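The values are calculated or read from the model by the stated rules, or taken from the named source; none is laboratory data. Only a predicted model underlies this, so the values are computations on that prediction, with no experimental measurement involved. Positions of Cβ are backbone-derived with ideal geometry, glycine not excepted, and every protein chain shown enters the neighbour counts.
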Amino acid sequence: MNKSVKLPPDRRIGVIGGGQLGKMLIEASRPWNVKYTVLENDLHCPASSVADKVMLGGLKDAEAIRKLALECDVLTFEIEHINSDALLEIEESGKTVIPSARALKTIQDKGIQKLFYREHAIPTADFVICDTPSNLSQVLQPFAGEKVVIKQRTGGYDGKGVDIVTKKDIESGVYISPGPCVVEHFHPEITEYSVIVAADRHGNVVTYPLIEMYFNPQSNLVEFLFSPAETTADLEADCREAAMRAVKYLQSPGLFAVELFVTEKSEVLVNEIAPRPHNSGHHTIEGSYTSQFEQLNRILLDLPLGNTEMVQPSAMINLVGAEGQSGPYKLKYTKELLAEPGVYVHLYNKTEIRPHRKMGHITVMAEGLQALLEKAGKVREWAVFE
Ligand SMILES: Nc1ncnc2c1ncn2[C@@H]1O[C@H](COP(=O)(O)OP(=O)(O)O)[C@@H](O)[C@H]1O
Ligand SMILES: [Mg+2]
């Protein structure tokens with residue numbers, strides 16, 4: 001550790017993006033009185049309620065990012081779709097950027113990310129890159145099965161930019177990829193997991209217990225998750241090892257979420273890495289000794305990494321807008337939720353609800369996994385807005 005850093009830190013952190021991840025990152029820093037400036041193109045963004053300052057500007061605007069860097073001691077980002085060239089330039093000028101601009105560049109483009117896994121022998125779903133969408137039907141030959149997964153190389157998030165399509169639809173021209181893409185083998189029977197990995201500036205790396213995730217098939221958003229996962233100690237160790245290896249090769253400090261698939265043959269595949277706090281780690285706010293957000297604050301401030309063990313088994317339920325919902329909103333079952341011990345409601349300060357929009361989340365904690373799943377089942381019924 002850098003011995004000159006002590007609490008309270010006389011530091012200002014710049015965060016590119018002012019969404020809910022930025023909001024929770026700042027909330028976690030409050031006991032240490034860190035100053036935060038957020039760059040966002042909306043003064044009423046979720047993080048605006050807690051940031052010391054919101055700088056108005058586009059996330060791809062190099063000039064705005066340079067301006068942010070000038071007034072901050074260290075820069076981070078809460079979304080991948082930002083100007084990584086500007087970030088690289090700032091990093092090269094000597095400013096600390098965490099995670100590194102180079103790690104972001106590897107991740108920003110799903111094609112480069114998949115080649116990175118191949119280069120380092122990190123198991124991942126088989127793929128080919130197709131940069132000319134009109135040639136898509138000519139690259140299908142290596143893939144067994146009726147379906148393939150088409151992932152846009154850039155710009156996708158939360159399932160947008162990912163299509164599961166039949167080879168027939170591609171061959172007959174019913175499906176046309178909107179841009180350069182990665183074609184992946186479709187694994188029909190996967191269980192999805194995530195491992196949060198924290199890497200400090202000195203090469204120390206720690207992982208959080210395995211998280212088991214369930215997605216909404218319509219919106220592709222994580223609907224429900226819990227940790228520790230309901231699996232064997234061996235599989236948990238394999239997943240944590242694979243996630244740690246993937247992050248080590250990025251050679252960057254930061255807080256990462258590694259999404260994993262376990263296939264029908266119990267193979268562990270790395271799906272993708274998010275170079276930031278992640279929806280799959282929200283339960284760590286109450287459920288872990290050190291939340292994913294506090295952990296990133298520690299890394300940004302060059303403080304020692306915190307303990308990643310769980311206080312109790314925890315689940316997380318996303319609060320999202322339902323089909324047809326728009327405008328002002330209120331939680332329907334506030335009284336019931338707040339009466340339940342071990343239940344914590346988070347709202348993201350979004351001005352309006354929209355279908356499938358992430359509005360908040362609920363953490364549920366219990367002494368054992370069985371009790372947790374029962375309580376979470378009840379709480380899920382109350383996770384609705386009116
Ligand atoms: N090769 C695959 N086989 C089966 N399902 C997949 C595959 N790739 C992605 N998926 C499904 O699509 C979801 C979104 O894909 P992902 O690569 O994580 O993109 P995003 O950036 O949108 O999160 C995954 O969580 C998983 O449910
Ligand atoms: Mg994903």
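Taking the options 74, 165, name whichever one is farther than 20 Å from residue 36 by Cα and aliphatic (A, V, I, L, M). Full working, then the answer.
On the way: 74 fails: farther than 20 Å from residue 36 by Cα.
Step by step, each of 74, 165 is checked, and only 165 is farther than 20 Å from residue 36 by Cα and aliphatic (A, V, I, L, M).
Which residue is surrounded by the most Cβ atoms within 10 Å (Cβ to Cβ), if the candidates are limited to segment 365-386 and must be acidic (Asp, Glu) and outside any loop (DSSP other than H, G, I, E, B)?
374
Among the listed residues 266, 280, which satisfies the condition of being within 16 Å of ligand 1 (Cβ to nearest atom) and either of a type in the set (D, E, K, R) or on the phi > 0 side of the Ramachandran plot (or both)?
266
Just give me the residues in segment 347-363 being over 20 Å from residue 287 (Cα atoms) and not in a strand (DSSP E or B), in sequence order.
If the condition is that a residue be over 20 Å from residue 287 (Cα atoms) and not in a strand (DSSP E or B), then 349, 350, 351, 352, 354, 355, 356, 357 are the ones that fit.
Determine which member of the set 274, 322 is under 23 Å from residue 46 (Cα atoms), within 14 Å of ligand 1 (Cβ to nearest atom) and not polar (S, T, N, Q).
Working: 322 fails: within 14 Å of ligand 1 (Cβ to nearest atom).
Selected residue: 274, the only one of 274, 322 that is under 23 Å from residue 46 (Cα atoms), within 14 Å of ligand 1 (Cβ to nearest atom) and not polar (S, T, N, Q).
Mind counting the residues in segment 207-224 that are among the hydrophobic types (A, V, I, L, M, F, W, C) and surrounded by fewer than 18 Cβ atoms within 10 Å (Cβ to Cβ)?
Residues meeting the conditions: 2.
Taking the criterion of being surrounded by 16 or more Cβ atoms within 10 Å (Cβ to Cβ), in the same structural domain as residue 16 (by TED's automatic domain parsing), hydroxyl-bearing (Ser, Thr, Tyr) and part of a helix (DSSP H, G or I), would at least one residue in segment 111-130 satisfy it?
No, because not a single residue in segment 111-130 is surrounded by 16 or more Cβ atoms within 10 Å (Cβ to Cβ), in the same structural domain as residue 16 (by TED's automatic domain parsing), hydroxyl-bearing (Ser, Thr, Tyr) and part of a helix (DSSP H, G or I).
Out of everything in segment 133-170 that is of a type in the set (A, V, I, L, M) and part of a loop (DSSP other than H, G, I, E, B), what residue ends up being farthest from residue 105 (Cα to Cα)?
It comes out as 144.
Out of 57, 94, which single residue is without any contact (Cβ under 8 Å) to a residue 24 or more places away in the chain and surrounded by fewer than 16 Cβ atoms within 10 Å (Cβ to Cβ)?
94
Could you check segment 204-247 and list, in sequence order, the residues that are more than 16 Å from ligand 1 (Cβ to nearest atom), free of Cβ contacts under 8 Å to residues at least 60 places away in the same chain and closer than 18 Å to residue 292 by Cα?
If we filter segment 204-247 for residues that are more than 16 Å from ligand 1 (Cβ to nearest atom), which is where we start, we get 204-209, 226-228, 230-238, 240-241, 244-245, 247.
Add one more test, that the residue is free of Cβ contacts under 8 Å to residues at least 60 places away in the same chain, and what stays is 205, 231-238, 240-241, 244, 247.
Within segment 204-247, 205, 240, 244, 247 qualify.
Which pairs do you get when a residue that is closer than 16 Å to residue 148 by Cβ and β-branched (Val, Ile, Thr), found in segment 178-197, comes within reach of a residue that is within 10 Å of ligand 1 (Cβ to nearest atom) and in a strand (DSSP E or B), reach meaning Cβ atoms under 7 angstrom, with the pair 6+ apart or on two chains?
Close Cβ pairs (under 7 Å, with a partner that is within 10 Å of ligand 1 (Cβ to nearest atom) and in a strand (DSSP E or B)) amount to 182/127; 182/151; 183/127; 183/148; 183/150; 190/261.
Scanning for something within 16 Å of ligand 1 (Cβ to nearest atom), closer than 30 Å to residue 251 by Cβ and surrounded by fewer than 17 Cβ atoms within 10 Å (Cβ to Cβ), does segment 162-176 turn up at least one residue?
no
For segment 326-336, give me each residue that is surrounded by 18 or more Cβ atoms within 10 Å (Cβ to Cβ) and outside any strand (DSSP E or B).
Kept after step one, since they are surrounded by 18 or more Cβ atoms within 10 Å (Cβ to Cβ), are these residues of segment 326-336: 329, 331.
329 - this is the single residue of segment 326-336 that is surrounded by 18 or more Cβ atoms within 10 Å (Cβ to Cβ) and outside any strand (DSSP E or B).
Inside segment 283-306, can you point out the residues that are farther than 23 Å from residue 11 by Cα and not β-branched (Val, Ile, Thr)?
283, 286, 287, 288, 289 - these are the residues of segment 283-306 that are farther than 23 Å from residue 11 by Cα and not β-branched (Val, Ile, Thr).
Name the single residue, out of those in segment 66-110 being in a helix (DSSP H, G or I) and among the acidic types (Asp, Glu), that is farthest from ligand 1 (Cβ to nearest atom).
Here the residue is 71.
Yes/no per residue for (1) more than 14 Å from ligand 2 (Cβ to nearest atom); (2) among the polar types (S, T, N, Q):
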position: 152; (1), (2): no, yes
position: 166; (1), (2): yes, yes
position: 170; (1), (2): yes, no
position: 180; (1), (2): yes, no
position: 186; (1), (2): yes, no
position: 201; (1), (2): yes, no
position: 205; (1), (2): yes, no
position: 219; (1), (2): no, yes
position: 227; (1), (2): yes, yes
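Is it true that residue 250 is crowded, with 17+ Cβ neighbours inside 10 Å and within 14 Å of ligand 1 (Cβ to nearest atom)? Let's see the steps before the verdict.
Details: crowded, with 17+ Cβ neighbours inside 10 Å: yes; within 14 Å of ligand 1 (Cβ to nearest atom): no.
Judged against the criteria, residue 250 is not a match.
If a residue has to be touching a strand residue (DSSP E or B) at 6+ places or on another chain (Cβ under 6 Å), of a type outside the set (A, V, I, L, M) and part of a loop (DSSP other than H, G, I, E, B) to count, how many in segment 285-325 make the cut?
Final tally of qualifying residues: 4.
Could you name every one of the strands (runs of 3 or more DSSP E) located completely within segment 171-284 that has at least 3 residues being under 27 Å from residue 377 (Cβ atoms)?
Correct list: 191-199, 211-215, 222-227, 254-262.
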